[in-house]
Amino acid sequence: MITAIVGATALAGCGSETADTRDRGAAAFGGHFSVEGALRALPAVKRQDDRPLQVFAGDLSEAAELGDLPKPVDPQSLADWSKGLATPPLFVAASEGLGLQYLQSGAMRKTVGFDARDVTTFAAVEALPEDITVVNLTKGAGLTKGVEATGKGTVGDIDPAWPDDAPFPFVHGVAQRGDEVALSRSSAVLETWTKDNGDSLADNDALVAVAKALDAHGSYSAFLSDGPGKLPNLPPAALKAMNSSMPAFDAVGIAQGVEDGKAVEYVAYHVDDADKAKDRIEKTWTDGMSARTREPLAKLLDVGDVTAKDGVVTVKISPKGSAGLAVQMFMQGDVPFIVVD
């Protein structure tokens, strides 16, 4: 679930998934953010039923620098910092575990010792009811010793102290592993991450292929999914009339960038045959109609380069309005992210 909007960077991953390379990938995630590095930092959570899992990743330090945001040291600067993270051309889709939407209460810092203003980079995966958010913190910030949850009661249950004196509506478990801290509504997922058996989302070849494609560009945040968005409540004939011609894809990623002070977005699809799928994907973006607004996509965005490489088709778009257009379209089941046939 998207809980906030901000910005971030890009970093390359490692090769084969040995324990040694996985450790290096996890370390690199904190020191130099990348999409592939974010996948390596997350446990191999599986999708639930027909709902695709969703991955969120970003670099809040880079976002603050790009937006020339103030250091959040008091209520006013905190409000300005938080608002700035949602101001074009920046955009990050953040997991609930990052707590950006609850930042003003101060409850998270009081309870666990840090909050979003102390986070440098983050990676998260949601496949509800399972989820986990992994963060790296600024120097001097850290998890309060002995804290294992964000509230009283069972992890995953509603926090009885919400909304007056709790960081989240649901109790999150909290744990630390090396320099990283994780929060999760699932004790089992948190335990898996803590033990670190070597499995990660980087075991998903399709997600990794998409991550590599995004990391080839100067992106500053990313959202990934292991499947298409939910079909809107429209008959197939209506969707086809909107020039919805997307081929099947088993992973998609969206990365944010800034060029000449304006937002750009890279959308990468993992498909069976990238060369064959390229024209269909490009046609959807250039000639399609929005299922949400019922207007041509060309009114909402400009389409740039479309490339096919290593099983991935990547489309560069420039939103004509706010940044984050592609992520919003995915969440709303719009034409470029649904497969009709």
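One line per residue, one yes/no per condition, for (1) in the same structural domain as ALA44 (by TED's automatic domain parsing); (2) free of Cβ contacts under 8 Å to residues at least 24 places away in the same chain; (3) among the basic types (Lys, Arg):
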{"site": "THR111", "(1), (2), (3)": "yes, no, no"}
{"site": "GLU126", "(1), (2), (3)": "yes, no, no"}
{"site": "GLY142", "(1), (2), (3)": "yes, no, no"}
{"site": "LYS145", "(1), (2), (3)": "yes, yes, yes"}
{"site": "THR150", "(1), (2), (3)": "yes, no, no"}
{"site": "ASP159", "(1), (2), (3)": "yes, yes, no"}
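Please tell me if VAL264 is in contact with a helix residue (DSSP H, G or I) (Cβ under 6 Å, 6 or more places away or on another chain), among the β-branched types (Val, Ile, Thr) and outside any helix (DSSP H, G or I). The answer is no for VAL264.
Summed over the range 168-181, the residues that are in contact (Cβ under 8 Å) with a residue 60 or more places away in the chain and surrounded by 20 or more Cβ atoms within 10 Å (Cβ to Cβ) give a count of 5.
When THR133, THR120 are checked against the criterion of being at pLDDT below 95 and part of a strand (DSSP E or B), a single residue qualifies: THR120. On the stretch given as the range 203-228, residues that are outside any helix (DSSP H, G or I), of a type outside the set (A, V, I, L, M, F, W, C) and farther than 20 Å from PRO247 by Cβ total 5.
Assessment of the range 179-188 against the conditions (at pLDDT below 95 and either assigned to a loop (DSSP other than H, G, I, E, B) or not hydrophobic (A, V, I, L, M, F, W, C) (or both)) yields at least one matching residue.
For the range 309-323, the candidate set comprises residues that are assigned to a loop (DSSP other than H, G, I, E, B) and modelled with pLDDT of 95 or more; within that set, the residue that is farthest from ALA251 (Cα to Cα) is LYS320. Does the range 178-190 hold any residues that are under 21 Å from the mean Cα position of the chain (by Cα) and of a type outside the set (Asp, Glu), and which are they? Within the range 178-190, VAL181, ALA182, LEU183, SER184, ARG185, SER186, VAL189, LEU190 meet the criteria.
The values are calculated or read from the model by the stated rules, or taken from the named source; none is laboratory data. Just so we're clear, the structure is a prediction, and the values are computed from it rather than from any experiment. Counting neighbours? That spans all protein chains shown, and the Cβs are built from the backbone with ideal geometry, glycine included.
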